[in-house]
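Asker: One structure follows; several queries about it will come next.
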Amino acid sequence: MNPTGFSLFRKDKKKESDENLGDLATSLSEETRKKAAAAKVYIENMYKNQYQNIQERSNRRNALEAELAKDGLTEEERQRILSEYAKRESDFTRLQRQRMTADDFEPLTIIGRGAFGEVRIVREKATGKIMAMKKLRKSEMLRRGQVEHVKAERNVLAEVHSPYVVKLFFSFQDEELLYLVMEYLPGGDMMTVLMRKDILSEEETRFYIAETILGIEAIHLHSYIHRDIKPDNLLLDREGHVKLSDFGLCKPVDVSSLPTLAEGEEYTDASSLPSQSQRSQQEQQSNWQKNRRQLAFSTVGTPDYIAPEVLLKKGYGMECDWWSVGAIMFEMLIGYPPFYSDDPLTTCRKIVNWKFFLKFPEEIAVSPAAKDLIQRLMCDVDDRLGTNGVHEIKGHPFFAGINWENLVNTPAPARPQVEHELDTQNFEQFEEDPNAHSATAGSGGAGSRKWIANKTDPNFIGYTYKNWEAVQPSTEGLTSDSSGVVQLKKKGTSRPSLAALQNNLQSLDIQAGSGSSRT
């Protein structure tokens, strides 16, 4: 064959090959395309996580080296701590390779049940540590269009490390459920506190609102908008400090399900406004308390804390969370939220027309500074404190004397009553559902919903997460701060004091000088 003929032959074969590839591409089934797309996402996520793990490991090592350099330790102590660190890194690497399932945890008491699943206390079998496990049904997430919401919740908990945000230890999945395993905060939520105390003092309000602001600030720094700030999502630890969460104890308000409030709903004629409540402050508070829990767990949720721009669906930014802070502060001081109505739609209309309905009852004395802060948080976006940065809120006179840098170490106004590590008295009590329990108990590696690699749901690829702090140091040398940075534990005295010994004896009900002995 001459060169010209060979060249034409090659061109014909290439054309034929291209046509065959084109036919193959068009003949691929939709199912094959989905599998290819899922495989692509899975591989990209795997390499992204590997790179991120290397970076985080390097950062932890550098932080520890910096701590060792300034602590003045002997070489022997330094080597012991480095050895402990290396073992902990090895344990963490082993943990990352393990496939986690619900069978790794012993299910205990239910502390929340909502539209998508439940939250219960669990005990990690390997360590005995008490945690809170949130379980969400994938089918409900998909059916209600909440996939992005639940992925965002996992992402913010994994990315934000702050003493004012609940700590996530693990997230994983099986064929039917998504799991978030978090620290258990036995102090309950702010809704329970308000229901028990009716109203709070300004001193208490100042502390709780300040910690709430720091939690929101931590989320905003990672470019997240919470949009559902309410007392139900403010959890209290054993010491009474606030941690921001979205535990799913109550259904978040689905703004898309609410009626669209057009610009025309912002009335200028007072005669066409929804009627003002004729109840006294005590009657309004009593009615709110009676309906509060029912509203929180309803299929609609409570819109009382949502900013007007969210309801109007105009588009909104991080400043919508500061409106919610103002609404919570109002409730803390007055006893009910500012736009409360028996009907959620009327509440929405009142929020949109806040200029007519934001009123302080005469029966309750509120300081000028507190009233001014609420009014400057619950106003138009352009005038709202926090729109240009959280420093605008922190600098308000109401927060005079607040040590923003060390608030987490400041004693809380009240310490929740917690008798033991499994105490749930600060949460709503839920009965076990026999049908739900049989469907969820024992799930995991050996259960009916065993995780199968080739059946990974493409909607939830990359959901798995494991926190460095889940690996406990085996010696007293190391600890971690709220950001997960490795630190040295402060040295204590090698011998206990006499007072400490006496306290220990008293805790064991042993009387000094009683002459009793162990046999």
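The values are calculated or read from the model by the stated rules, or taken from the named source; none is laboratory data. Keep in mind it's a predicted model, so treat the numbers as computed, not measured. Please note: Cβ atoms are built from the backbone with ideal geometry, for glycine as well, and neighbour counts cover all protein chains shown. Side chains included, ligands, DNA and RNA excluded: accessible areas come from the protein's heavy atoms. Shrake-Rupley method; radii C 1.70, N 1.55, O 1.52, S 1.80 Å.
This table checks each residue for (1) surrounded by 10 or more Cβ atoms within 10 Å (Cβ to Cβ); (2) touching an Asp or Glu at 6+ places or on another chain (Cβ under 6 Å); (3) farther than 30 Å from Lys466 by Cα; (4) modelled with pLDDT of 75 or more.
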{"position": "Leu8", "(1), (2), (3), (4)": "yes, no, yes, no"}
{"position": "Gly22", "(1), (2), (3), (4)": "yes, no, yes, no"}
{"position": "Ala37", "(1), (2), (3), (4)": "yes, no, no, no"}
{"position": "Asn59", "(1), (2), (3), (4)": "yes, no, no, yes"}
{"position": "Leu82", "(1), (2), (3), (4)": "yes, no, no, yes"}
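Asker: Could you check the stretch 201-234 and list, in sequence order, the residues that are over 19 Å from the mean Cα position of the chain (by Cα) and open to solvent by 10 Å² or more (accessible area, probe 1.4 Å)?
Answerer: The answer is Ser201, Glu202, Glu203, Glu204, Arg206, Phe207.
Asker: Looking at the structure I just gave you, is Ala412 under 20 Å from Glu203 (Cα atoms) and in contact with a helix residue (DSSP H, G or I) (Cβ under 6 Å, 6 or more places away or on another chain)?
Answerer: Details: under 20 Å from Glu203 (Cα atoms): yes; in contact with a helix residue (DSSP H, G or I) (Cβ under 6 Å, 6 or more places away or on another chain): no.
It is false that Ala412 is under 20 Å from Glu203 (Cα atoms) and in contact with a helix residue (DSSP H, G or I) (Cβ under 6 Å, 6 or more places away or on another chain).
Asker: Moving on. Output the number of the condition that Lys167 fails; it satisfies all remaining conditions of (1) under 18 Å from Asn459 (Cβ atoms); (2) open to solvent by 10 Å² or more (accessible area, probe 1.4 Å); (3) in contact with a strand residue (DSSP E or B) (Cβ under 7 Å, 6 or more places away or on another chain).
Answerer: It fails just one condition, (1).
Asker: Can you tell me which condition Ala152 does not meet? The list is (1) over 20 Å from Phe427 (Cβ atoms); (2) open to solvent by 10 Å² or more (accessible area, probe 1.4 Å); (3) in contact (Cβ under 8 Å) with a residue 40 or more places away in the chain; (4) more than 15 Å from the chain's Cα centre (by Cα), and all the others hold.
Answerer: Condition not satisfied by Ala152: (4).
Asker: What single numbered condition from (1) open to solvent by 40 Å² or more (accessible area, probe 1.4 Å); (2) modelled with pLDDT of 95 or more fails to hold for Glu431?
Answerer: (2)
Asker: On to the next question. I'd like the residue in the stretch 113-153 that is at pLDDT below 85 and assigned to a strand (DSSP E or B) and, out of all such residues, is nearest to Lys466 (Cα to Cα).
Answerer: That would be Gly117.
Asker: Pick from the stretch 340-359 the residues that are in contact with a Pro (Cβ under 6 Å, 6 or more places away or on another chain) and of a type in the set (S, T, N, Q): which of them is nearest to Tyr316 (Cα to Cα)?
Answerer: Result: Thr347.
Asker: Considering only residues that are at pLDDT below 60, assigned to a loop (DSSP other than H, G, I, E, B) and among the small types (Gly, Ala, Ser), which ones fall in the stretch 282-338?
Answerer: Matches in the stretch 282-338: Ser298, Gly301.
Asker: Give Leu373, Leu345, Leu333, Leu407 a once-over and let me know the one that is in contact (Cβ under 8 Å) with a residue 24 or more places away in the chain, touching a His at 6+ places or on another chain (Cβ under 7 Å) and of a type in the set (A, V, I, L, M).
Answerer: Numbers: Leu345 fails: touching a His at 6+ places or on another chain (Cβ under 7 Å); Leu333 fails: touching a His at 6+ places or on another chain (Cβ under 7 Å); Leu407 fails: touching a His at 6+ places or on another chain (Cβ under 7 Å).
Going through Leu373, Leu345, Leu333, Leu407 in turn, just one is in contact (Cβ under 8 Å) with a residue 24 or more places away in the chain, touching a His at 6+ places or on another chain (Cβ under 7 Å) and of a type in the set (A, V, I, L, M): Leu373.
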